[in-house]
Amino acid sequence: MADELESAVETFLDDADTVLGEYEQGYMDADAALGQLQSHIEELRDEFEG
């Protein structure tokens, strides 16, 4: 379980970095960035609560 959670956290952090990078570069607006971050948070929560 610990390996799965660690993998889920790594995936979340990579995805969050990607979203923030695209937002900072102007590739997406704030609403889209927040929507994607919320989706990634929900995925992480689902994995954690598993």
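The values are calculated or read from the model by the stated rules, or taken from the named source; none is laboratory data. The shown structure was predicted, so the numbers you read here are calculated from the model rather than taken from an experiment. Using ideal geometry, Cβ is built from the backbone for each residue, glycine included, and neighbour counts are taken over all protein chains shown. Side chains included, ligands, DNA and RNA excluded: accessible areas come from the protein's heavy atoms. Shrake-Rupley method; radii C 1.70, N 1.55, O 1.52, S 1.80 Å.
Eigen-decomposition of the gyration tensor built on the alpha-carbon atoms of the chain gives equivalent ellipsoid semi-axes of 24, 11, 4 angstrom, largest listed first.
For segment 2-50, with all protein chains in place and a probe radius of 1.4 Å, 48% of the accessible heavy-atom surface sits on carbon or sulfur. Helix content alone sets the calculated 222 nm mean residue ellipticity of the chain: runs of n ≥ 4 DSSP H residues at -39500 (n - 2.57) each, divided across all residues, give -30000 deg cm²/dmol. Distance between the 7 Å Cα→Cβ label points at Glu49 and Met28: 2.2 nm. Excluding ligands, DNA and RNA, the accessible surface per residue across the chain is 79 Å² with a 1.4 Å probe. Each Lys and Arg Cβ is given +1 and each Asp and Glu Cβ -1; about its Cα centre, the chain then shows a dipole of about 180 debye.
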